[in-house]
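Student: Handing you this structure, nothing more for now.
The values are calculated or read from the model by the stated rules, or taken from the named source; none is laboratory data. The shown structure was predicted, so the numbers you read here are calculated from the model rather than taken from an experiment. Here the Cβ positions follow ideal geometry from the backbone for every residue, glycine too, while neighbour counts run over all protein chains shown. When the accessible area is computed, the model is the full protein with side chains, heavy atoms only, and any ligands, DNA or RNA have been set aside. Shrake-Rupley method; radii C 1.70, N 1.55, O 1.52, S 1.80 Å.
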Amino acid sequence: MRRQRPDSDTMPDPNPKAPTLKTIAAMTGLSLSTVSLSLRDGARLKPETREKVARAAAEIGYVPNRAGVRLRTGQTNVLTLILSIERNTLDYTRLLIQGIGAHLLGSPYHLNVTPELPGSDPLETLNYILANKTSDGVILTHTSARDPRVQRLEEAGLPFVTHGRTAFGIEHAYIDFHVERFIDLALERTLSRNRRRFMYVPFDNGTTNFRNTVEHFQHEVARRGLDGEVVLDAHSIQSAASARDFARAAATSAKPPDAIFCTNEVTAVAVLEGMTDGGKRCGDDFDLVCKRTTELLPALYPQIDTVTEDLFEAGRHIAELLLCQLKGAPVSELQKLHEPTPSW
């Protein structure tokens, strides 16, 4: 009995070909070079042309051949976020990544996230990226004053942006929270409420941000002739429990603080509870001002004055600056301080 040949129009192709630039060009009626340029960057093309190409690419599920792109251009179309893991920061990772991803949407770049665990060699991940050329640009977080990662990237010539400033003579692109302005706002707020004994309870994560805040608080307290103290004993506030114990002892001391500043939400909540345990009432006996990155404090502790750092916007601007640098913009034009937003 003769076997019937399968109908080639109805049977699935066992080796379907992935859609290519030629497929998109045929669908849109555009030239191959125009399609390629649009998917790479296309800033010189009309918006309607870029949208037409993007719609066609999405419709057929076009995915660039990374190996082919790398062979043709020497680029990977990959950006790497080296993310320092900080245990006492609420929602930092999610908000920052969402902001970066939002700006990269529609660009040819994809984001790799590599965690940098406490105690690990800070240069290990960078050396791998540089040796294997796995990324076109790098984003660093939690930068220290003389961060060896910044120096290594500068020497290698790989574009990078930091979330945080440094303090040596290497000019680089960065986004940072304007912590000096945060201290000014906190002082102005508490002085207006006739507070006289000021205490700054920082969380020492080794960053330039920590150093800048401490130095500016000390400078302003001295300049204004105020009674101010910085809690620099890390053991006193290394955990929520120890910060609570410390605040309880401060509340029952001979001269309890009546204005307390924090830059970490977990620490601020522990300090609030400790002061309350010591018989002090926030808003009456003392004011607490904290930098926040989430909605936790105003929702659960409305008695705390807050100053907002918008991490989503920080992430979006980080990606924007890195893309500008990849296009050749000078790093001197790629430095930005995010202004704090007070909520009294």
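Student: Need pairs with beta-carbon distance below 7 Å; first residue within 12 Å of Thr213 (Cα to Cα) and within the stretch 174-188, second open to solvent by less than 10 Å² (accessible area, probe 1.4 Å) and hydroxyl-bearing (Ser, Thr, Tyr); sequence gap 6+ or separate chains.
Tutor: Filtered contacts from the stretch 174-188: Val179/Thr213; Ile183/Thr213.
Student: Given the stretch 11-111, what helices (runs of 4 or more DSSP H) lie entirely inside it while holding 3 or more residues that are open to solvent by less than 40 Å² (accessible area, probe 1.4 Å) and modelled with pLDDT under 80? Steps first, please.
Tutor: Values: elements: 21-28, 32-40, 47-60, 66-73, 92-104.
Once the helices (runs of 4 or more DSSP H) in the stretch 11-111 are filtered for at least 3 residues that are open to solvent by less than 40 Å² (accessible area, probe 1.4 Å) and modelled with pLDDT under 80, what remains is 32-40.
Student: Taking the stretch 112-126 as the region of interest, how many residues are part of a helix (DSSP H, G or I) and open to solvent by 60 Å² or more (accessible area, probe 1.4 Å)? Working first, answer last.
Tutor: Kept after step one, since they are part of a helix (DSSP H, G or I), are these residues of the stretch 112-126: 124-126.
Still in the list and also open to solvent by 60 Å² or more (accessible area, probe 1.4 Å): 124.
Result for the stretch 112-126: 1.
Student: For the list (1) at negative phi; (2) under 25 Å from the mean Cα position of the chain (by Cα); (3) not acidic (Asp, Glu), I need the number of the one condition that Ala243 fails.
Tutor: It is condition (2) that Ala243 fails.
Student: Looking at the stretch 277-290, which of its residues are under 16 Å from Ala186 (Cβ atoms) and either of a type in the set (Ser, Thr, Tyr) or surrounded by 17 or more Cβ atoms within 10 Å (Cβ to Cβ) (or both)?
Tutor: So the first thing to find is which residues in the stretch 277-290 are under 16 Å from Ala186 (Cβ atoms), and the list is 282-283, 286-290.
Hits for the stretch 277-290 are Cys282, Phe286, Asp287, Leu288, Val289, Cys290.
Student: Do you know which of the residues in the stretch 309-344 that are surrounded by fewer than 17 Cβ atoms within 10 Å (Cβ to Cβ) and small (Gly, Ala, Ser) is farthest from Arg165 (Cα to Cα)?
Tutor: Ser343
Student: I would also like to ask the following. Six or more apart or on different chains, Cβ atoms under 8 Å: show the pairs whose first residue is in the stretch 291-306 and on the phi < 0 side of the Ramachandran plot and open to solvent by less than 60 Å² (accessible area, probe 1.4 Å) and whose second is of a type in the set (Ser, Thr, Tyr) and in a loop (DSSP other than H, G, I, E, B).
Tutor: As it stands, the answer is Lys291/Thr263; Thr293/Thr89, since those pairs meet every condition given.
Student: OK, next. Criterion first (over 28 Å from Lys327 (Cβ atoms) and in contact with an Asp or Glu (Cβ under 6 Å, 6 or more places away or on another chain)) does Arg146 satisfy it? Let's see the steps before the verdict.
Tutor: Working: over 28 Å from Lys327 (Cβ atoms): yes; in contact with an Asp or Glu (Cβ under 6 Å, 6 or more places away or on another chain): no.
Answer is no for this residue.
Student: Tally the residues that are under 16 Å from Ile304 (Cβ atoms), of a type outside the set (Gly, Ala, Ser) and open to solvent by 20 Å² or more (accessible area, probe 1.4 Å), restricting the search to the stretch 238-276. Step through it out loud before you land on a result.
Tutor: Filtering the stretch 238-276 down to residues under 16 Å from Ile304 (Cβ atoms) leaves 240, 243-244, 247, 251, 257-276.
Narrowing further to those that are of a type outside the set (Gly, Ala, Ser): 244, 257-258, 260-267, 269, 271-273, 275-276.
Narrowing further to those that are open to solvent by 20 Å² or more (accessible area, probe 1.4 Å): 244, 263, 266, 269, 273, 276.
So the answer is 6.
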